[in-house]
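The values are calculated or read from the model by the stated rules, or taken from the named source; none is laboratory data. Fair warning: this is a prediction, and the values are worked out from it, not measured in the lab. Using ideal geometry, Cβ is built from the backbone for each residue, glycine included, and neighbour counts are taken over all protein chains shown. Only protein heavy atoms, including side chains, enter the accessible area calculation; ligands, DNA and RNA are left aside. Shrake-Rupley method; radii C 1.70, N 1.55, O 1.52, S 1.80 Å.
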Amino acid sequence: CSSYRLRDALHPLWQSELSVSGGTRQSPINIQWRDSVYDPHLKPLKIHYDPTTCLYIWNNGYSFQVEFDDSADKSVIMGGPLENHYRLKQFHFHWGAINEWGSEHMVDSKVYPAELHLVHWNPVTSTSFEDAVMENNGLVVIGVFLKLGAHHAGLQKLVDALPAVRHKDAIVEFDVFDPSCLMPSCPDYWTYDGSLTTPPLTESVTWIIKKTPIEVDQNQLEEFRMLLFTSAGEEEKRMVDNFRPLQPLMNRTVRSSFR
Ligand SMILES: NS(=O)(=O)c1ccc(Cc2ccc([N+](=O)[O-])cc2)cc1
Ligand SMILES: [Zn+2]
């Protein structure tokens, strides 16, 4: 549905889209499986999340986001393409108004109804997340595709909290939650150098895109679509289609951890 994406690129949210000049490593991209290069030096990704570092869930007016205490190396990832460990800062999702689209990345032009992003920053080269945003490879984002299928019990705890954060800037305490439950069991991933997919669009992200999607059911996707972009009291605008259009691959190679 490239025409859709072209129209989307002109969406008010993305007016700046056409003005981001000079970008050579923008995200998201379409991952062409046959053009990806198997890299035998890529290690397995190691994930150690401490569920007690989970702080709260909030509606930031663009997605819903779960924030973590990143004041110590308690919830970290390492291995994979990474030279050191990275701290989990937050995770959020992107989704469509209908199941036919919603993810930011695509695989061989296949789009998924939603995509999870787990955002990490490099505590070795930066002193805070905000600093790491401006650092070359200061951030690592793990992308996980969501596909329509079985009920996801782990996700349901998140979904049950969504009515409490329906409006922009709403926030609710969200204690013990282990985002590892949102990770597919298959270790395979692609990795490439890219950017944030929302302003400030900085080119500081090492992307790790999991090959295998997780399954969620129709009711769970519908709950995402009940959220609002708008604050309480404003005319309601449903929070849907909060994904960025595809960006050119330019001079980049996508590596795979699997043959
Ligand atoms: N969608 S994504 O590329 O995973 C993504 C990850 C994190 C962020 C959060 C964010 C990153 C930077 C800023 N900033 O510098 O103002 C504000 C918000 C924005 C977007
Ligand atoms: Zn995102």
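Candidates 171, 126, 213 compared by Cα position along the dipole of region 114-232: farthest toward the positive end lies 213, with charges placed on Cβ. When the Debye formula is applied to the Cα atoms of the chain, each taken as the same point scatterer, what base-10 log of I(q)/I(0) results at q = 0.10, 0.17 Å⁻¹? The Debye formula, applied to the Cα set alone, gives -0.46, -1.53. Using Cβ point charges alone (K and R +1, D and E -1), the dipole size of the chain about the Cα centre works out to roughly 820 debye. When you filter the GluC sites (Glu not before Pro) in region 40-114 for DSSP loop state and at most 13 other Cβ atoms inside 10 Å of their Cβ, you are left with 83, 100. Here the accessible area is traced with a 1.4 Å probe on the protein chains. For region 174-253, carbon and sulfur cover 52 percent of it.
Considering only Cα-Cα distances, which of the following residue pairs are longer than 25 Å: 74/110; 46/168; 89/168; 89/157; 43/211?
74/110; 46/168
Residues 169, 241, ordered by accessible area of protein heavy atoms at a 1.4 angstrom probe radius and largest first, appear as 169, 241. Entry note, the chain: the mean residue ellipticity at 222 nm calculated from DSSP H runs of n ≥ 4, each adding -39500 (n - 2.57), is -2500 deg cm²/dmol after division by the residues and rounding to the nearest 500.
Would you list 235, 223 from the most to the least accessible area, probe 1.4 Å?
The residues order as 235, 223, largest area first.
Within region 42-71, the chymotrypsin sites (Phe, Trp or Tyr not before Pro) that combine a DSSP coil assignment with at most 16 other C-beta atoms in a 10 angstrom radius are 62. The residues of the chain expose, per residue, 45 Å² of accessible area to a 1.4 Å probe.
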